[in-house]
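Notes follow once the structure below has been shown.
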Amino acid sequence: MFRPTAQSIRSLPRLTKCWKQVYCQQYRTVTSLVKDVNDEMARFLDVAVVKSYGKNSTLTHILRLAQQIKDNGGQFDIETYRHLLSAYAKAGNPSKIMTLLTQMEKNSLEIDKDFADKALKAAAHQGDSILQGYILHLMEKYGLEKTTKVYHYMISCMRENFEFERALDTLNMMKKRNIPASVSIYKDLIDMAVQLRELEIASLLIKDLEQLESKSEVADELYLKVLRCAAFTGDYPIAKSYWEYSVKDHQCKPDEGTCLYILQIAGRNSDPSFATEVLTYLKDEGYTYKEHHFAPLVQAFASSGKILEAMRVFPYMRSRGVLPTIRTALPIAYNIGEDKSMIQTVKNNLLDSVDKENGSVDIILYNMIIHSLAYNGENEEAIDMFKKAEKFKVVPNNETVDAVLDACIHCKDVEQGKSIFDQFMSDSRNMSSRTLSKMVTLMCTQEDYEDAFKYIEKMKELNIIPLRGCYYKLIKRLSASNDPRLSIALEDLQAYGYPISPYISEYIERGERMRQYAIDSQIDK
């Protein structure tokens with residue numbers, strides 16, 4: 001009489017370890033016992049999938065069933081090993097699969113196609129190339145052909161180990177042997193190419209896939225994967241072509257982050273039409289426009305020499321409820337650079353827009369022109385433009401005052417600077433660290449720099465930290481004048497957290513040496 005086995009196991013609630021003798025069935029042969037245990041293994045594995053049993057509990061139960069065969073003197077057949085393989089695969093334990101294969105060879109059991117497929121799949125999920133290699137060796141030994149499914153598992157394993165070149169070689173081998181590659185194989189290869197940022201190869205693989213499937217059948221996610229990677233890596237040609245494929249041809253929906261990267265690419269590559277397409281998509285998808293959406297469009301126009309078109313973005317932004325910032329205008333300022341004729345063209349265009357459209361000039365552009373004029377030494381013209389604020393229909397703000405103060409500093413026009421400051425900064429709430437620091441710098445352009453301390457004291461009164469540059473300018477003036485307040489200024493500088501730079505230290509030491517030299521020369525005389 002054999003020990004209780006499958007019949008009793010089926011009758012036990014919650015897989016208890018206790019066997020109930022009342023359900024025990026007597027077997028006349030070991031073969032019938034093995035068959036019954038195999039049937040129970042198959043039934044339990046099906047139930048485990050449906051009821052989502054834990055992987056360890058499934059493996060434990062299957063091993064307990066297999067032990068019943070051993071306890072009754074039986075031997076595992078191919079079906080037993082197949083069920084053990086399934087349990088080990090579910091548990092994510094491929095190392096035991098190698099043990100099963102070794103036992104099968106020892107017991108003169110040959111693997112069949114189904115067993116090989118399951119074993120290759122399990123090895124692929126764990127990226128176990130050694131196990132896969134052994135399985136492929138057994139397949140060759142037993143005359144099992146490599147099918148499309150087998151190659152799919154091989155390439156899946158390569159994907160887990162990022163063996164990209166080997167995977168491409170495997171695909172070429174399939175083509176030489178006239179073995180059709182499945183969509184799953186191409187998806188694995190494309191996924192690997194994107195992860196490794198091999199976008200040109202990914203693009204070629206998608207074209208090969210389109211020959212297997214119509215473009216409408218190719219998963220949209222593949223196009224989006226390539227588009228996202230191109231956007232992130234700054235690959236302009238791929239990003240532009242896959243915008244066409246994914247968004248225009250397939251109506252894919254890239255996320256806002258991808259669109260922001262693409263906008264930056266369009267800006268860097270002077271492609272305003274591409275940037276406009278992306279902005280239109282964002283609007284159609286209901287995204288709320290922000291300043292950072294338009295900045296790349298301004299950059300694209302400006303870097304392609306279309307300064308006037310870049311300027312027209314500003315009123316459009318405001319019409320959409322988006323406020324431009326100084327950063328938005330930087331590409332225009334950078335591309336104008338030192339081109340005085342272009343600055344004049346922009347200035348005249350601003351005036352024309354006021355006359356023709358009976359509107360006002362954008363304050364950001366107005367400030368930028370004053371900054372550009374001051375930067376290029378056109379100080380009188382910068383001040384003149386500031387005085388014509390009413391004609392340009394703008395209300396000067398802090399940035400406007402800062403811009404014209406730069407011009408005053410360059411031409412050392414203290415009276416003009418003080419007049420502008422007193423006119424627009426009568427309310428101390430409008431005073432900023434930048435504006436007051438510029439006033440300190442302006443005062444230091446004169447031999448009589450006493451008023452610089454007035455603005456220093458004003459910042460202390462308002463609890464405003466001065467900019468480092470104005471203190472450096474003041475220290476240089478104090479040093480050059482041999483002013484005893486130099487030590488106090490140096491202490492203040494450090495108290496504000498600014499270091500005394502090597503340049504300033506050397507400047508002070510050089511001044512002292514020159515004064516000492518002058519004293520020594522007088523003594524010698």
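Assorted remarks:
- Residue check: PHE392 meets all listed conditions (1) at pLDDT 90 or above; (2) of a type in the set (Phe, Trp, Tyr); (3) more than 22 Å from CYS444 (Cβ to Cβ) but one, namely (1).
- Residue in region 283-300 that is closer than 26 Å to ILE336 by Cβ, open to solvent by 20 Å² or more (accessible area, probe 1.4 Å) and not in a helix (DSSP H, G or I) present: yes
- Test: residue in region 259-267 that is farther than 21 Å from LEU330 by Cα and open to solvent by 60 Å² or more (accessible area, probe 1.4 Å): no
- Subset of region 225-237 (residues that are open to solvent by 10 Å² or more (accessible area, probe 1.4 Å), assigned to a helix (DSSP H, G or I) and under 15 Å from ALA275 (Cα atoms)): TYR236, PRO237
- Restricting the search to helices (runs of 4 or more DSSP H) fully inside region 426-525 and requiring at least 2 residues that are of a type in the set (S, T, N, Q) and farther than 30 Å from PRO396 by Cβ gives 486-495, 502-524.
- Unmet criterion (only one of (1) in a helix (DSSP H, G or I); (2) under 22 Å from ARG166 (Cβ atoms)) for PRO180: (1)
- When region 415-434 is limited to residues that are at pLDDT below 85 and of a type in the set (Gly, Ala, Ser), the one that is surrounded by the fewest Cβ atoms within 10 Å (Cβ to Cβ) turns out to be SER426.
- Only one of ILE519, ILE504, ILE465 that is out of contact with any strand residue (DSSP E or B) (no Cβ under 9 Å at 6 or more places or on another chain), open to solvent by 50 Å² or more (accessible area, probe 1.4 Å) and closer than 21 Å to SER437 by Cβ: ILE465
- Residue match in region 142-150 (condition: assigned to a helix (DSSP H, G or I) and closer than 18 Å to LEU100 by Cβ): no
- Among the residues of region 50-74, those identified as outside any helix (DSSP H, G or I), open to solvent by less than 50 Å² (accessible area, probe 1.4 Å) and in contact (Cβ under 8 Å) with a residue 24 or more places away in the chain are ASN72, GLY74.
For every residue, the table says whether it meets (1) open to solvent by 20 Å² or more (accessible area, probe 1.4 Å); (2) among the β-branched types (Val, Ile, Thr).
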position: ARG159; (1), (2): yes, no
position: ASN172; (1), (2): yes, no
position: ASN178; (1), (2): yes, no
position: TYR186; (1), (2): no, no
position: ILE190; (1), (2): no, yes
position: GLU198; (1), (2): yes, no
position: LYS207; (1), (2): yes, no
position: ALA219; (1), (2): yes, no
position: TYR223; (1), (2): no, no
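- Qualifying positions in region 290-308 - farther than 21 Å from CYS259 by Cβ and free of Cβ contacts under 8 Å to residues at least 40 places away in the same chain: GLY305, LYS306, ILE307
- Residues located in region 421-431, provided they are closer than 19 Å to ILE464 by Cβ and either more than 43 Å from the chain's Cα centre (by Cα) or touching a residue at least 24 places away in the same chain (Cβ under 8 Å) (or both): PHE421, ASP422, PHE424, MET425, SER426, ASP427, SER428, ASN430, MET431
- Restricted to region 30-49, and to residues there that are open to solvent by less than 10 Å² (accessible area, probe 1.4 Å) and farther than 19 Å from GLY73 by Cβ, the residue that is modelled with the highest pLDDT is PHE44.
The values are calculated or read from the model by the stated rules, or taken from the named source; none is laboratory data. Just so it is clear, the structure is predicted and the values come from calculations on it, not from any experiment. Positions of Cβ are generated from backbone atoms using ideal geometry, with glycine treated the same way; all protein chains shown enter the neighbour counts. Just so you know, the surface numbers come from the protein's heavy atoms only, side chains and all, with ligands and any DNA or RNA stripped out. Shrake-Rupley method; radii C 1.70, N 1.55, O 1.52, S 1.80 Å.
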